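The values are calculated or read from the model by the stated rules, or taken from the named source; none is laboratory data. None of these values were measured; they are calculated from a predicted model. Positions of Cβ are backbone-derived with ideal geometry, glycine not excepted, and every protein chain shown enters the neighbour counts. Note: accessible area is taken over every heavy atom of the protein model, side chains too, but ligands, DNA and RNA are not part of it. Shrake-Rupley method; radii C 1.70, N 1.55, O 1.52, S 1.80 Å.
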Amino acid sequence: MSRSLRRGALAATAVVFSIVSLGACAAGHDAPTLQVKPDNAAVTKGDIKVQNALVITQEKDKKGPAAVSATVFNTGTKEQTLEGITLPGGKAVVTLKPAGGGSKVIIPAGGSVVLGGKGNASAVIVGGDSVVDGNVQKIVFQLSTTGDVELEGFVVPATGMYAGYGATAAAAVPGATPSGSPSGSPSGRPSGSASASPSGSASAPVSGGPSGSPSGSASASTGTGH
């Protein structure tokens with residue numbers, strides 16, 4: 001390459017750098033590219049910071065309740081109680097359940113609580129028919145000292161990176177009978193307790209009874225009375 005061509009290439013490079021620098025200065029510190037925010041919602045109010053707030057629905061073609069997933073930080077010197085979560089704009093009710101039992105979700109001083117996921121506290125949404133995948137849902141966290149902490153979170157299905165953070169069990173319907181209850185009446189007389197009785201004392205007074213009767217103590221109570 002000749003000297004003239006090299007000088008021309010260097011000059012062109014300098015012009016490009018100058019244009020980029022001028023463009024950045026003209027945009028200033030409030031340029032849109034500097035205002036990019038993370039996908040998951042986060043907000044800070046007082047000592048409380050709510051991060052990665054989402055509403056997670058069931059997987060496609062699966063029925064069941066949705067759930068709120070988030071991490072709640074407490075930077076203060078006193079613990080706070082998460083007294084409730086509401087979803088304005090609908091009739092949905094959020095039921096809180098602490099991790100490991102108990103009756104309250106406590107955010108310790110200088111600590112945090114995770115909502116959603118195995119072994120963590122949960123916030124299951126009952127009656128969330130208005131919760132639709134792809135929408136943005138307003139979520140209000142109600143703290144005992146800080147008060148209401150409001151933000152908006154995406155509604156996403158429990159797939160991919162969100163699998164395992166949604167509700168794991170369908171919410172119980174009030175007045176419904178548990179699925180584990182007996183479905184019908186017993187098909188016959190109990191044979192366990194009767195057969196455990198001594199066969200000698202029970203069989204003597206009922207020798208004329210029906211041959212199909214239990215041979216234990218149950219046959220003694222039904223043979224001679226008829």
Practice prompt. Considering only the range 133-167, state which residues are under 14 Å from Ala66 (Cβ atoms), in contact (Cβ under 8 Å) with a residue 24 or more places away in the chain and either touching a Phe, Trp or Tyr at 6+ places or on another chain (Cβ under 9 Å) or of a type outside the set (Gly, Ala, Ser) (or both).
Written response: Asp133, Gln137, Ile139, Phe154, Val155, Val156, Pro157, Ala158, Thr159, Tyr162, Tyr165
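Okay, residues lined up against (1) in contact (Cβ under 8 Å) with a residue 40 or more places away in the chain; (2) under 11 Å from the mean Cα position of the chain (by Cα); (3) surrounded by 14 or more Cβ atoms within 10 Å (Cβ to Cβ); (4) assigned to a strand (DSSP E or B):
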residue: Lys49; (1), (2), (3), (4): no, no, yes, yes
residue: Ala53; (1), (2), (3), (4): yes, no, yes, yes
residue: Ala67; (1), (2), (3), (4): yes, yes, yes, yes
residue: Thr71; (1), (2), (3), (4): yes, no, yes, yes
residue: Lys78; (1), (2), (3), (4): yes, no, no, no
residue: Leu82; (1), (2), (3), (4): yes, no, yes, yes
residue: Lys91; (1), (2), (3), (4): no, no, no, no
residue: Thr95; (1), (2), (3), (4): yes, yes, yes, yes
residue: Gly101; (1), (2), (3), (4): no, no, no, no
Discussion item. Looking only at the range 118-130, filter to residues that are of a type in the set (A, V, I, L, M) and open to solvent by 20 Å² or more (accessible area, probe 1.4 Å); which one of those is nearest to Asn74 (Cα to Cα)?
Written reply: Val124
Item to complete: Please enumerate the residues belonging to the range 131-162 that are loosely packed, with under 13 Cβ neighbours inside 10 Å and in contact with an Asp or Glu (Cβ under 8 Å, 6 or more places away or on another chain).
Response: Val136
Worksheet item: Filter the range 26-47 for residues that are in a loop (DSSP other than H, G, I, E, B) and at pLDDT 50 or above; which is farthest from Ser112 (Cα to Cα)?
Response: Asp39
